[in-house]
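The block underneath contains the structure these notes are about, expressed in structure tokens.
The values are calculated or read from the model by the stated rules, or taken from the named source; none is laboratory data. Bear in mind the structure is a predicted one, so any value in this text is a computation, not a measurement. Virtual Cβ from ideal backbone geometry, glycine too; neighbours counted across all protein chains shown.
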Amino acid sequence: MYQHPGNRPTFINLLKIRFPLNAWLSVSHRISGLALVIALIGYLALINLILLHPEVTLSGIQGHWILLLLHTLFWTALTFHWLSGLRHLLAEHFTATKPYQIINSQGMSQLLLISWGLASVFIIVQVWSL
């Protein structure tokens, strides 16, 4: 077996690495984009179902739980994707040190998460109270 000539570890446990909140927000931004694509595929499948089967109507499935889940996924993912995308754009736009530090601060990241949480509660209440 090969022995590395040094004291660096040969096995890195990724579960022990603590990423900053900004890194988690960046990863979540990509995941919310994936959720938007999944919701788009769901909506396209729904359109396909309505067009190919005349007995299925949009008014007939309006309160179905799958459609409500699709609406919830789409709007919560869109809200997060928009908020975090706006934060990314502002961070790229402001190259001066002070505005960049404010946008990438822990407080701004927490404000983004609180805003998204409140918007998600509003979306869930609006979608599921039909």
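Report every pair of residues separated by at least 6 positions or lying on different chains whose Cβ atoms are under 7 Å apart, first residue within region 111-130 and on the phi < 0 side of the Ramachandran plot, second outside any helix (DSSP H, G or I) and of a type in the set (V, I, T).
From region 111-130, no pairs qualify.
Yes/no per residue for (1) surrounded by fewer than 14 Cβ atoms within 10 Å (Cβ to Cβ); (2) under 27 Å from A45 (Cα atoms); (3) of a type outside the set (D, E, K, R):
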position	(1), (2), (3)
L69	no, yes, yes
H93	yes, no, yes
S115	yes, no, yes
V121	yes, yes, yes
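List the number of the failed condition for N22; all other conditions in (1) modelled with pLDDT under 90; (2) over 20 Å from Q106 (Cα atoms) hold.
Failing condition for N22: (2).
Taking the stated definitions as given, is L40 surrounded by fewer than 15 Cβ atoms within 10 Å (Cβ to Cβ) and under 16 Å from the mean Cα position of the chain (by Cα)?
Yes; evaluated as a whole, the condition is true for this residue.
Report those helices (runs of 4 or more DSSP H) wholly inside region 1-115 carrying at least 3 residues which are more than 27 Å from V127 (Cα to Cα) and either in contact with a strand residue (DSSP E or B) (Cβ under 7 Å, 6 or more places away or on another chain) or of a type in the set (V, I, T) (or both).
Ranges flagged: 97-103.
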